[in-house]
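Novice: Just dropping this structure here.
No value in this document is a laboratory result; all are computed from the given coordinates. Since we're looking at a predicted model, the values are computed, not measured. Positions of Cβ are backbone-derived with ideal geometry, glycine not excepted, and every protein chain shown enters the neighbour counts.
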Amino acid sequence: MHKTRFIITGTALAALIALAGCASNSGSDSMPGMDHGTSAPTTNPSPNSSESAHNAADVMFAQMMIPHHAQAVEMSDAILAKKDIPAAVNGLAVQIKAAQAPEIQTMTGWLQSWNMPVMDSSGHDGHSMDGMLSEAELQKLKDAQGTEAAKLYLTQMIAHHEGAVSMAKTEISQGKYADAVQLGKDIVAAQEKEIQDMKGLLTGL
């Protein structure tokens with residue numbers, strides 16, 4: 001697989017978070033909690049409560065993960081539009097899309113409630129992230145057919161997931177907003193399992 005041109009390490013992400021420190025004091029707005037699988041929703045927390053407080057790490061996590069998730073959905077849509085794709089690969093694409101599309105809406109809601117900009121879901125708004133495909137790599141996936149497309153999707157999505165896991169771990173260690181930290185944990189758990197599933201599928205193709 002060609003190395004992606006959009007790369008940011010966990011260390012670099014931490015540096016970006018530090019530079020975005022001015023956003024850490026913008027967490028005075030309250031918002032209803034959102035349910036992310038196992039996390040329990042909060043109910044109208046007060047502006048100064050621990051549930052409503054957020055920091056620059058939370059903002060960066062949401063801003064970067066939205067276009068990252070959006071590309072995963074686009075990749076999954078591309079594979080689901082093809083014929084002669086193994087059922088297990090199609091099932092995985094459906095699973096990824098079903099999980100990540102609602103998370104995009106959740107994170108968008110957080111940013112709006114924090115009065116922070118929501119990044120362009122195309123992923124070409126200035127942020128570079130681990131695992132993101134270049135335009136050429138994405139087009140290669142869209143052009144591929146059959147088993148070649150299935151293998152390419154799995155290979156590209158493994159790298160894409162690894163990038164998301166790295167970003168989520170940074171949020172877990174540096175974030176403050178409880179729901180965002182929980183989402184980071186959910187992403188790590190779900191995507192690390194999917195990475196193993198995809199590696200298994202690859203060996204059978």
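Novice: Using a basic spin-label model with each label point 7 Å from the Cα along Cα→Cβ, how many nm lie between LEU205 and ASN90?
Specialist: Result for the modelled spin labels: 1.5 nm.
Novice: Quick one: if the Förster radius is 25 Å, what FRET efficiency do THR147 and ALA101 give, using the C-beta to C-beta distance and rounding to 0.05? Display every interim value, and only then the final one.
Specialist: Details: r = 27 Å, r/R0 = 1.07.
It comes out at approximately 0.40.
Novice: Under 1.5 on a/c is rounded, so check that first for region 65-183, then, if it is not, pick prolate when a/b is larger than b/c and oblate when it is not; a ≥ b ≥ c are the square roots of the alpha carbon gyration tensor eigenvalues. Let's see the in-between values first.
Specialist: Details: a/c = 2.11, a/b = 1.92, b/c = 1.10.
In terms of gyration-tensor shape, prolate.
Novice: Which FRET efficiency value, to the nearest 0.05, do you get for GLN196 and LYS169 by plugging their Cβ-Cβ distance into 1/(1 + (r/R0)^6) with R0 = 22 Å?
Specialist: On the way: r = 17 Å, r/R0 = 0.77.
Result of the calculation: an efficiency of 0.85.
Novice: Expressed as a fraction of 2.2 N^0.38 Å, the rule-of-thumb size for a compact globular protein of N residues, what is the C-alpha radius of gyration of region 52-98?
Specialist: That works out to 1.57 for region 52-98.
Novice: Please give every one of the lysines within straight-line cross-link reach of LYS82, meaning a C-alpha to C-alpha distance under 23 Å, and leave out same-chain neighbours fewer than 8 residues apart.
Specialist: LYS97, LYS140, LYS142, LYS151, LYS199
Novice: Which lysines, if any, have their Cα less than 26 Å from the Cα of LYS176, not counting same-chain residues under 8 positions apart?
Specialist: LYS176 reaches LYS185, LYS193.
Novice: Another one. For each of GLU103, GLU171, GLU74, count neighbouring Cβ atoms within 10 Å of the residue's Cβ, then give the residues from fewest to most.
Specialist: Values: GLU103 22, GLU171 27, GLU74 17.
Final ranking by Cβ density, sparse to dense: GLU74, GLU103, GLU171.
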